[in-house]
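Working notes, beginning with the structure itself.
Taken together, the values in this text are just the output of simple stated rules run on the coordinates, not laboratory data. Predicted, not measured: the structure shown is a model, and the values here were computed from it. So basically every Cβ, Gly included, is an ideal-geometry build from the backbone, and we count neighbours across all protein chains shown.
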Protein chains: 2
Amino acid sequence: MAPRTLSRSGSEPLWRQLQRELLTRLDAGEFTEQFPGELTLAEEYGVSRHTVRQALRQLRADGVVVAERGRQPRVAPPAEIAQPLGALYSLFTSVEAAGLAQHSIVRTFDVRADALVAERLDLEASTPLVYLERLRLAGDEPLAMDRVWLPADVAKPLLQADFTHTSLYGELARRTGIRLDHGREEVHAVIPTAAERTQLACAHDVAAFAINRLSHSQGRPMEWRHTLVRGDRYALTAEFSAAGYRLVSQS
Amino acid sequence: MAPRTLSRSGSEPLWRQLQRELLTRLDAGEFTEQFPGELTLAEEYGVSRHTVRQALRQLRADGVVVAERGRQPRVAPPAEIAQPLGALYSLFTSVEAAGLAQHSIVRTFDVRADALVAERLDLEASTPLVYLERLRLAGDEPLAMDRVWLPADVAKPLLQADFTHTSLYGELARRTGIRLDHGREEVHAVIPTAAERTQLACAHDVAAFAINRLSHSQGRPMEWRHTLVRGDRYALTAEFSAAGYRLVSQS
DNA sequence: CCCAACCAAATGTACGTACATTCAACGTAG
DNA sequence: CTACGTTGAATGTACGTACATTTGGTTGGG
């Protein structure tokens, strides 16, 4: 193991230099499978274990690396199954929390081009897109109409899947390895059109949430989603404190 | 300074015991004005400075206490002007970001009792409540109808304030010292009633957000709020990533 | 062949020391 | 009375040591 050097004369603390070093090497994919232990790092960089621990402290707190007594330290596991965050996730988990079974009716599932959506995904207008339109049911009652577009070049393996019961993000991760890691969504309050009311089987005096979501995977726009959720029995619930704002699944 | 003792035989680490101790004493309001230094604490509890630093690490990261080189350590300053988090805050800041001036028309401002609200605030049904009803304008156009109830015993000083231009949370902090530190809100999509449409001066085909919020101050329910926001031009916007979910103010 | 005991490895806890760095307050010189 | 330098206090950085605790593999006995 070639000893590596840190600048001892500079003003930057040793532990911070080491922290940057480790993050750089992590980004380079250097520690797959196994992450070196504290003593190993201390020897490799010629610093004390105390300094190594200081450098690792934040990485461990952030979950970048995992360390436990007696265990081989590892770099953060496959980084959770791309836990879908956001209003949609909150809504659907709240339905599950209420004890209602969920399933979907796949109304359309094909490859097509859509100039408007392509633009939002930062693609050429004629780029083929996998398009999935589902009516989502909670219990036996329609809950939402969900439309998703993904670039066909990477999402084509999805066409084999049956989305009656499985989740899009789960299949996406399993069949293509893609995990959506960042996104932005807008939540609007709207009055459904007559056609939408029919699809959702709701009364004429019911409003709805219209949610637009653009998700990225490693910087590339990967999913455009439009969801219309019945507003009569489902609400967004959130808790906030000094620690921040968090959507919660209510019962 | 009477030396205090920590259990050295128990399984709980010393630094964690010390951390709990300090939090307890903080809650008891013991360290207003000045927080003891690391060496002081080390001597007082008979532990090493290293252990004290470990105990203080999280408190400092959380901003509970502030420490800087050379400075007298202090307990967290007045803790920002109770930054109002949540959907409402997001909506109103997005309006400001759009360059529109905001002001309110105070429609009702008195002390009254309300059994339903009192129950939500965990009070007796006949408890007097300060009630403030405002029509909030962005530019010169109605944006939202805002109703707030607070326990009169603590909120009475608010009655002197003019809420045409000032914010409730700012006045609450200034006049009573109360800062709302925790809360929960529900966001519903609804169709406004005819009366509400008139108040908000919006068309008949416009939906709205109905937001209920219950806020606490130091564990005590302190504010019940009901806000109806026009849904035709205002939306919730959020970003999400591995780091979490955050409402943003769009332009 | 299986299971238990042991051992090596790794992190967690806790002590000690030394020096650097920063800030505020005090005192002195001008 | 002001400006500057000194000094004390506090945290930051970095080193060292020792032992406890947990885990997983290895080894040896039944």
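The packing ranking, built from the mean of other Cβ atoms within 10 Å per residue, places the peptides A:228-236, A:175-183 in the order A:228-236, A:175-183, highest first. Couplings 3J(HN,Hα) of region B:215-224, computed from phi: 10, 10, 10, 6, x, 9, x, 10, 8, 10 Hz, in residue order, whole Hz [Karplus 6.51 cos²θ - 1.76 cosθ + 1.60, θ = phi - 60°; x for Gly and Pro]. Ranked from shortest, the separations from the 7 Å Cα-to-Cβ label point of B:ASN212 to its equivalents in the other copies are 3.0 nm. Placing a label point 7 Å from the Cα of B:VAL154 along the Cα-to-Cβ direction, the distances to the matching points in the other copies come to 4.9 nm, shortest first. Take each residue in B:209-219, count the other chain C-beta atoms within 10 Å of its C-beta, and the mean is 2. In the elastic network of chain B, a GNM with C-alpha springs shorter than 10 Å, the most mobile of B:ALA208, B:ALA87, B:ALA238 is B:ALA238.
Karplus-derived 3J(HN,Hα) values for region B:229-236, using 6.51 cos²θ - 1.76 cosθ + 1.60 with θ = phi - 60°, are 10, 4, x, 7, 10, 10, 9, 7 Hz; glycine and proline are entered as x. In nanometers and ordered shortest first, the copy-to-copy spacing of the B:THR108 label point, defined 7 Å from Cα toward Cβ, is 4.8. For the pair A:THR166 and A:VAL66, the difference between a 0.36 nm per residue extended length and the Cα-Cα distance amounts to 33.0 nm.
Of all chain B residues, the one whose Cβ lies closest to the rotation axis that maps B onto A, given with that distance rounded to whole Å, is B:ALA207, 2. Computed from backbone phi, the HN-Hα couplings of region A:143-160 come to 10, 7, 10, 10, 10, 10, 10, 9, x, 5, 4, 9, 9, 4, x, 5, 4, 6 Hz, rounded to whole numbers (Karplus: 6.51 cos²θ - 1.76 cosθ + 1.60, θ = phi - 60°; Gly and Pro given as x). Per residue, the average separation of C-alpha pairs within less than 8 Å and at least 6 apart gives chain B a relative contact order of 15 percent.
Remark: region A:170-219 is approximated by an ellipsoid whose semi-axes, taken from the C-alpha gyration tensor as √(5λ), come to 32, 14, 6 Å, largest first.
In percent, rounded to a whole number, the relative contact order of region B:126-216 is 24, using alpha-carbon pairs under 8 Å and six or more apart. The sum of -39500 (n - 2.57) across all DSSP H runs of n ≥ 4, divided by the residue count of chain A, sets its helix-only mean residue ellipticity at 222 nm to -8000 deg cm²/dmol.
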